[in-house]
Structure formats: structure tokens, C-alpha cells
Amino acid sequence: MKRFFLMTALLLTTGVSAKNFEFEAGINSYQHKYFEPGIMSEKGRLLGVKGSVSYHNSFFARLEAENGKGKIEYNGTGVTKGVPDNFYSYRGLIGKDLLRGNLRFTPYAGLGRRYLNDNSNNLISDTGGIGYERQSKYTYVPIGLEMKYQMFGWALNPSIEYDYFLEGEQTSYMGYLTPILAGNYYDFTNKQNDGRGFRASLKFIKDLPNKTSLAFEIFYRQWDIDDSTVWVSPDLTGWYEPQNRTRQLGVGMSVIF
């Protein structure tokens, strides 16, 4: 989050008018599901905070940051409950505001970074399987369209977005299992080169006194990532990250000022 606040400070010191800025801070709650078809799945609810600063004056720019946490259920080599998940996201967007009366269209593109830590170290499934820590990192280009229609003190604010996948890394920290399972296990990283994402959102925004607004949001996000490259261990065993899918459906509430 420190990076986000630093970038916000840089925007505010560029000399542009403060009246064109819009700040948003709020919370999210969403159902998270991750699965590797035919192999395993994870599901659970994540709760988090979010923040953004936007600039609208024909030219559009936005910085976004989000953090979500929760405990999920793993289903693969048995069932493991209470696995901690920790999610971070940072995005920078630029675009163009197109005005038609009370309607504003904003096509945009940018750069995003997504980080997820799934830590089942020392957790044991109902069949005796032992978990390990995994870290996932995605870098991608968001390409989307946002609309805002104002009427009678309310605003309708839908958006739709395609996420062009640039690269990913999946790090598995299995080395600590070597003395426990009396085998050869390693910490290793797989590269992910192919994938795609999609997201859609609908906000209902109510104007409040003192130039503030209250926003209620429904959103959906997904990732579809293909098989990773293969990492070959010192004992010549190949390890890879199978194709996987992520689905998130949730709601949010925020204050805009």
C-alpha cells in the first residue's frame, strides 16, 4: 500500500486542479474460488479494503490499490480447512473522457500487478496430506470501458474489462517437507506465459452533502491461466503449475469525495 500512497502524492503535486480529483475508499467482500480442473479446488470468502484516486478532465487517470484476506477450504489430497489467503492488487489506468449530456464514456488501458499468497504450511488434511506455501504473481494490461450516468442525485456506473496477460510466476515453498516426508522436495518457481482475465462491475452511487458520495458495487472477476513452464529439480524431476481458473463474485461499499 505504501507504493499506492506515494504515487497518489506524486499526482497531487503535478499542479493540476484539485477539483478534478476524485478519491474513493471502501471495503469489499467476495466469494473466491480457485481450481485446477480434475486436480484440486479452493474456495472461501475474502474481506478487504480498497482505495483509488482518479483524475477526470477530458484526460482520465486512476491509481488503484486493494488488499483482501480470508481463510479458505482446500479440496484435493483430502480436505484442509482454514487455509490463510492474502491478496494484493495495484493498477494504473489512463484513458479519455467522452461526454454526452449526463452520460460519460471512458475507454481506458493501463498496467496491473496482482499478488496472492496461499499458506497451508503445517496444515494437515483429513487424509493426512501436508500443505505448503504458494505465491502467485501476475502482470497484465487492463483494457476496458467505464460509463457513468447521472440522474436525480444518483449515478449508475458500470464497467467492463479484458485483462491481457503479460507474465506470471508461481512459487511453491515445498522444501520444508523434505525432513518431514523423507523425500526430495524443493522451493521453486514456475513461469506462466499464457492466460487471460475478465472483470465487470456495476456501481450505484448516491450523492451526499459536502460533495461526498456513497457507492454500492457488485463485481465479478475471473482469470484463466494455461500450463506453466516446467522446472526440473536436481534429481531430474519435472514440476509445473497446471492450468487453473479463478472466479470471484462480490459486493463492495465505499465513500467517494
For K69, the lysines lying under 17 Å Cα to Cα, once residues fewer than eight places off in the same chain are dropped, come out as K33, K43, K50, K81, K137
Plugging the Cβ-Cβ distance of I124 and N184 into 1/(1 + (r/R0)^6) at R0 = 25 Å yields, to the nearest 0.05, a FRET efficiency of 0.75
Projected onto the charge dipole of the chain (unit charges on the beta-carbon of Lys, Arg, Asp and Glu, signs +1, +1, -1, -1), the Cα from F204, P234, I218 with the largest positive-side position is that of F204
Helix 2-12 sits off the longest principal axis of the Cα atoms of the chain, rounded to the nearest 10 on a 0 to 90 degree scale, by 20
The chain, Gaussian network, Cα under 10 Å: of G238, G195, G92, the residue fluctuating most is G238
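Where does each of D224, D235 land when they are ranked from fewest to most other beta-carbon atoms within 10 angstrom? Write down the numbers at each step before the final one.
On the way: D224 15, D235 8.
Placing the least packed residue first, the sequence is D235, D224.
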Assertion target for L93, L123, L47, ordered by fewest C-beta neighbours within 10 angstrom first, is L47, L123, L93
When the chain is treated as a Gaussian network with springs between alpha carbons less than 10 Å apart, the largest mean-square fluctuation among V49, V230, V83 is found at V230
Cα extents of the range 154-201 along the principal axes, largest first, in whole Å, come to 62, 26, 9
In debye to the nearest 20, the charge dipole size for the range 117-257, taken about the Cα centre with +1 at each Lys and Arg Cβ and -1 at each Asp and Glu Cβ, equals 740
Labelled set (i) 24.6; (ii) 18.3; (iii) 20.1; Kirkwood radius over Cα pairs in Å computed from this model equals the value at (iii)
In this structure, the FRET efficiency calculated for Y220 and M151 from their beta-carbon separation, with R0 = 35 Å, to the nearest 0.05, is 0.90
In the neighbourhood of E66 defined by beta carbon distances under 10 Å, the net charge of the other residues (Lys, Arg +1; Asp, Glu -1) is +2
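Since every read-out is calculated from the coordinates, none of them should be taken as a lab result. What you see is a predicted model, and the numbers here were worked out from it, not measured in a lab. FYI the Cβ positions are ideal-geometry reconstructions off the backbone, even for glycines, and counts take in every protein chain you see.
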